[in-house]
Ligand SMILES: NC(=O)c1ccc[n+]([C@@H]2O[C@H](COP(=O)([O-])OP(=O)(O)OC[C@H]3O[C@@H](n4cnc5c(N)ncnc54)[C@H](OP(=O)(O)O)[C@@H]3O)[C@@H](O)[C@H]2O)c1
């Protein structure tokens, strides 16, 4: 559980990108029954209604799980953000979010207006916490140090193959919780030799090793997507894995220059 800024965000969540309809509803229901208490969606995923169906059907009380959604980058004027939030709440069949995030910055983002709107949404209780995704370090610094924005969580790509140490360090120095997306490098880690050796040593899987490396870090959560119950169960088991110093050293020594999410509208990652 991450508890910065009054958050109660479970470190391990379920990502839902690319799942829709019944597949998505069933995946969220099975995750909740396994014990996941953190669900990540976004307006852009086109699955908030399916996540909402699971929320309506589950026996897990709404207060017992953390729910994140996001506003897309073409909806960042204050009025558009409000309209997007209202649509999300309706689709999700809930009257509040635990976390509302700006999904991507734009080159011309009006930081004061968009981040001011997030603060208003939080003040109104429609989202208990607010934050951003995909802000490079320079932009995050401007948001925090020039605009004075309260950012509770920053969600960005982070896994064993990508160095994000500067961003993580800055977030932690400002009490910003981190959520690592694509923590399994979009499923590419299954045959990874070094992770495979560590996994074999512990009788674990490469996915569990990759997840636990993230979850062991202070203030870092991770949201692997898994549609299959077996994968959801296995990933949940990462919480029990105990990595040792040799494992961490081997993972630290991996080349960390592989970024898998960089669409045409992505910011300059070095800005
Ligand atoms: N804020 C942003 O801009 C942003 C961007 C990208 C993603 N995200 C969030 O991050 C979440 C995770 O990212 P992602 O879904 O792209 O990638 P990911 O979680 O790194 O990888 C998902 C892939 O790994 C497979 N997988 C999961 N558990 C496995 C296991 N135990 N063994 C073998 N394969 C396994 C899944 O297969 P199956 O589904 O077939 O089980 C799926 O193909 C997204 O769903 C979304 O919620 C946010």
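Can you name the residue in the range 94-117 that is part of a loop (DSSP other than H, G, I, E, B) and in contact with a strand residue (DSSP E or B) (Cβ under 9 Å, 6 or more places away or on another chain) and, of all such residues, is farthest from residue 62 (Cα to Cα)? Don't jump to the end; show me each part of the working.
The initial filter retains those residues of the range 94-117 that are part of a loop (DSSP other than H, G, I, E, B), namely 94-96, 103-110.
Narrowing further to those that are in contact with a strand residue (DSSP E or B) (Cβ under 9 Å, 6 or more places away or on another chain): 94, 96, 103-105, 109.
Working: 94: 8, 96: 10, 103: 23, 104: 27, 105: 30, 109: 33 Å.
Top of the filtered list is 109.
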Do the conditions hold for residue 138, that is, is it farther than 23 Å from residue 86 by Cβ and over 20 Å from the mean Cα position of the chain (by Cα)? yes
Between 21, 15, 35, which is within 21 Å of residue 238 (Cβ to Cβ) and exposed (fewer than 15 other Cβ atoms within 10 Å of the Cβ)? 35
Please go through the range 79-90 and give me each residue that is surrounded by fewer than 15 Cβ atoms within 10 Å (Cβ to Cβ) and under 14 Å from residue 118 (Cβ atoms), ordered by number. 79
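Results for (1) surrounded by 15 or more Cβ atoms within 10 Å (Cβ to Cβ); (2) within 16 Å of the ligand (Cβ to nearest atom); (3) part of a loop (DSSP other than H, G, I, E, B), shown as yes or no for each residue.
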| position | (1), (2), (3) |
| --- | --- |
| 189 | yes, yes, yes |
| 236 | yes, yes, no |
| 242 | no, no, yes |
| 255 | no, no, yes |
| 260 | no, yes, yes |
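Among the candidates 226, 266, 222, 250, single out the residue that is in contact (Cβ under 8 Å) with a residue 40 or more places away in the chain, touching a helix residue (DSSP H, G or I) at 6+ places or on another chain (Cβ under 6 Å) and within 22 Å of residue 140 (Cα to Cα). Full working, then the answer.
Numbers: 226 fails: within 22 Å of residue 140 (Cα to Cα); 266 fails: touching a helix residue (DSSP H, G or I) at 6+ places or on another chain (Cβ under 6 Å); 250 fails: within 22 Å of residue 140 (Cα to Cα).
The conditions single out 222.
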Tell me, which helices (runs of 4 or more DSSP H) wholly within the range 14-93 include 3 or more residues that are over 20 Å from residue 127 (Cα atoms)? 21-34
Which of the residues belonging to the range 118-158 are assigned to a loop (DSSP other than H, G, I, E, B) and either within 16 Å of the ligand (Cβ to nearest atom) or modelled with pLDDT under 95 (or both)? 134, 135, 136, 150, 151, 152, 158
Is it fair to say residue 166 is touching a helix residue (DSSP H, G or I) at 6+ places or on another chain (Cβ under 9 Å), surrounded by 13 or more Cβ atoms within 10 Å (Cβ to Cβ) and assigned to a helix (DSSP H, G or I)? no
Out of 197, 230, I need the residue that is more than 9 Å from the ligand (Cβ to nearest atom), surrounded by fewer than 18 Cβ atoms within 10 Å (Cβ to Cβ) and part of a helix (DSSP H, G or I). Which one? 197
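The values are calculated or read from the model by the stated rules, or taken from the named source; none is laboratory data. Since the structure is predicted, the reported quantities are computational estimates derived from the model, not experimental observations. Please note: Cβ atoms are built from the backbone with ideal geometry, for glycine as well, and neighbour counts cover all protein chains shown.
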